Every structure is written in C-alpha cells, then in structure tokens.
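To start, the structure under review is shown below, and the notes come after it.
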Amino acid sequence: MKQAEAYLRAVRRGLKDAPAEDRERLLKRLTGAVNAYLEEEPEASEADVVKAFGTPEACAAELLEECDPERVAETRRKRRLLYAVIAVLAALVLAAAAILLFRGGQGAPQADSFSPGHHGFGHHG
C-alpha cells in the first residue's frame, strides 16, 4: 500500500480547487479503488498504479470534473484571496521589520562598556 501513498498525495494536491467536502469524498473513493487494486495486485509498483489510474494530475483532473463548476470556481477565488491576503501581510511584516532595523541603527544609545580598573575597583596601587 506504500506505493500508493505518494500517488494519493499528488492527487490530493491536484484537487486543491475542489471544495473540501468534495475533495474528501473523491479521495476516499479513489483510496478505496487503489487499495482494492493493490489487494488484487500486491506486487504492483507505483508505476503500475499510474498505469491503472493515470497520472496523478490526469486522475485529479478527471475527479475534479465531477464537482460543480461554480463551487470549484468559488474555491479558486477564495484560495486566490487567501494567497493575496497572506502576501499583503507578509509584505507588511517585512516593511515593519525593515523600518525597525533602519530606526534601530539610527541614533540608538550606545551602552557604556565596563572596564575594570578604571572605576576604582581592583586598584591596589
């Protein structure tokens, strides 16, 4: 069954545009089919799984066709919006860090260094 794990992970990535409940349902069905195939063909390699079910990308595309196109489009919009929000937040964090670093190097008070012997400590002269 290990030979199918990478395949199923790749199909999952290909289904990123599927609404979550559809994605889980489709993956559960595919996992059952792959496991049944591997029970019948226990010596099957990952290449054999690809021969039987298609490339992960092709399999995901075929499964995605079973989803409502409007819901898929909505999922894509939400994901793009999320990525845009993350990008803006990352840019703000980087800008804030740059400002703090720039200001930190400008006119920051320098700490006096302690030099033994110059402050009356340890002089036995």
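L30 falls short of the stated requirement of being at pLDDT below 90, surrounded by 10 or more Cβ atoms within 10 Å (Cβ to Cβ) and closer than 21 Å to L15 by Cα. Restricting R80, R71, R29 to residues that are within 17 Å of the chain's Cα centre (by Cα) and not hydrophobic (A, V, I, L, M, F, W, C) narrows the list to R80. Checked against (1) modelled with pLDDT of 85 or more; (2) farther than 29 Å from A18 by Cα; (3) part of a helix (DSSP H, G or I), G104 passes all but condition (1). Pairing each residue of segment 78-99 that is free of Cβ contacts under 8 Å to residues at least 40 places away in the same chain with any residue that is surrounded by fewer than 10 Cβ atoms within 10 Å (Cβ to Cβ) and among the aromatic types (F, W, Y), provided the two are 6+ apart or on different chains, yields no C-beta distance under 9 Å.
The values are calculated or read from the model by the stated rules, or taken from the named source; none is laboratory data. From a predicted model like this one, the values you see are computed outputs, not experimental measurements. For neighbour counting, all protein chains shown are included, and Cβ atoms are generated from backbone atoms with ideal geometry for every residue, glycine included.
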